[in-house]
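Peer 1: Sending over a structure as structure tokens; questions will come in a sec.
The values are calculated or read from the model by the stated rules, or taken from the named source; none is laboratory data. Predicted model only: the values in this text are computed from it and were never measured. Every residue, glycine as well, gets a Cβ built from its backbone with ideal geometry; the counts of neighbours run over all protein chains shown.
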Amino acid sequence: MILLDLNVQRVACRRCNTIRQVELGFADSRFSCTRAFERYVLELSKHMTILDVARHLHVSWDVIKDIQKRYLKKRFSRPSLKGVTYIAVDEIAVSKGHRYATVVLDLDSGAVIFVGDGKGADALTPFWKRLRYSTAHIHAVAIDMSPAYMSTVMEHLPDATIVFDHFHVVKLFNDKLSDLRRDLYREAKDQLQKDVLKGTRWLLLKNPGNLDEKKGEKERSTRPFG
């Protein structure tokens with residue numbers, strides 16, 4: 001590692017009464033390392049941890065982390081929406097305390113193209129603004145069964161097809177199946193009918209190829225009703 005100690009010249013503008021540092025071609029005057037050093041750090045970061053890179057270059061952990069953060073912000077803070085045709089919208093828990101973020105995913109590339117603060121329709125407002133000024137034409141949107149998501153998608157993308165994601169469709173089906181099974185159990189008049197229904201949830205949820213007749217008989221006889 002080479003340490004550079006130099007005085008950066010400053011110039012004053014008499015017209016606007018401001019003082020600016022002279023731009024350096026090899027470094028950003030706001031930071032304490034050259035652009036070549038940053039490129040070297042980013043290349044090492046592909047193969048080493050932050051701590052290992054810091055030790056190798058004899059700098060602090062914070063210096064390496066700041067270089068990575070600046071690169072990620074520059075590279076991914078506002079991904080292009082050009083050519084995006086199929087997207088997915090979902091919410092994720094950011095941390096404890098019911099903090100959420102709304103994520104928009106480009107289904108063709110797998111890239112995250114937007115992260116909104118909070119959940120629900122309001123979190124997507126900045127995304128709709130960006131999308132309106134882009135050249136993207138959205139053909140389909142994958143969402144869960146949230147009425148808020150459905151409403152905002154139909155408002156801003158009236159020509160797009162709404163697709164419910166596989167996870168929530170299967171979950172809804174499983175919930176309805178469990179409710180039906182419980183209702184049938186309560187309506188059963190004799191013990192034989194109840195014995196047949198007892199513990200069948202796990203059998204119904206299994207793939208047909210994984211069913212085992214002997215194991216199924218054992219599960220029906222040992223599992224509590226639920």
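Peer 1: Looking only at segment 87-100, decide whether some residue is in a loop (DSSP other than H, G, I, E, B) and surrounded by 13 or more Cβ atoms within 10 Å (Cβ to Cβ).
Peer 2: No, that holds for no residue.
Peer 1: Take the residues in segment 36-54 that are more than 22 Å from D5 (Cα to Cα) and of a type in the set (D, E, K, R); name whichever of them is surrounded by the fewest Cβ atoms within 10 Å (Cβ to Cβ).
Peer 2: K46
Yes/no matrix, rows are residues, columns are (1) surrounded by 11 or more Cβ atoms within 10 Å (Cβ to Cβ); (2) at pLDDT below 80; (3) not basic (K, R):
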| site | (1), (2), (3) |
| --- | --- |
| I19 | no, yes, yes |
| E23 | no, yes, yes |
| D28 | yes, yes, yes |
| F31 | yes, yes, yes |
| T34 | yes, no, yes |
| L57 | yes, no, yes |
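Peer 1: Related question: Could you check how many residues of segment 118-135 are touching a Lys or Arg at 6+ places or on another chain (Cβ under 9 Å) and either within 20 Å of K74 (Cα to Cα) or of a type outside the set (S, T, N, Q) (or both)?
Peer 2: Taking segment 118-135 first, the residues touching a Lys or Arg at 6+ places or on another chain (Cβ under 9 Å) are 118, 130, 134-135.
The next check asks that each one be either within 20 Å of K74 (Cα to Cα) or of a type outside the set (S, T, N, Q) (or both); those that pass are 118, 130, 134.
Adding up the residues that qualify gives 3.
Peer 1: Within segment 137-177, how many residues turn out to be of a type in the set (V, I, T), more than 12 Å from V89 (Cα to Cα) and loosely packed, with under 15 Cβ neighbours inside 10 Å?
Peer 2: The total comes to 3.
Peer 1: Among what's in segment 135-174 and is without any contact (Cβ under 8 Å) to a residue 40 or more places away in the chain and assigned to a strand (DSSP E or B), pick the residue that is farthest from the chain's Cα centre (by Cα).
Peer 2: T161
Peer 1: Among the numbered criteria (1) among the charged types (D, E, K, R); (2) surrounded by 12 or more Cβ atoms within 10 Å (Cβ to Cβ); (3) in contact with a strand residue (DSSP E or B) (Cβ under 9 Å, 6 or more places away or on another chain), which one does D108 miss?
Peer 2: (2)
Peer 1: Identify all residues within segment 51-93 that are among the β-branched types (V, I, T) and either under 25 Å from S134 (Cβ atoms) or in the same structural domain as S109 (by TED's automatic domain parsing) (or both); write none if there are none.
Peer 2: Going residue by residue through segment 51-93, those that are among the β-branched types (V, I, T) are 53, 59, 63-64, 67, 84-85, 87, 89, 92.
Within segment 51-93, V84, T85, I87, V89, I92 qualify.
Peer 1: Now, a different point. Can you spot a residue in segment 113-120 that is under 25 Å from V163 (Cα atoms), among the β-branched types (V, I, T) and either in contact with a strand residue (DSSP E or B) (Cβ under 9 Å, 6 or more places away or on another chain) or buried (at least 17 other Cβ atoms within 10 Å of the Cβ) (or both)? Write out each step before concluding.
Peer 2: Going through segment 113-120, the residues under 25 Å from V163 (Cα atoms) turn out to be 113-120.
From the residues that got through so far, the ones that are among the β-branched types (V, I, T) too are 113, 115.
Pick out the ones that are also either in contact with a strand residue (DSSP E or B) (Cβ under 9 Å, 6 or more places away or on another chain) or buried (at least 17 other Cβ atoms within 10 Å of the Cβ) (or both) and you get 113, 115.
Yes: one or more hits.
Peer 1: Which pairs turn up if I take residues in segment 54-65 that are in a helix (DSSP H, G or I) and look for partners that are among the acidic types (D, E) with beta carbon separation below 8 Å, at least 6 apart in sequence or on another chain?
Peer 2: Short answer, once both residue conditions are applied: none.
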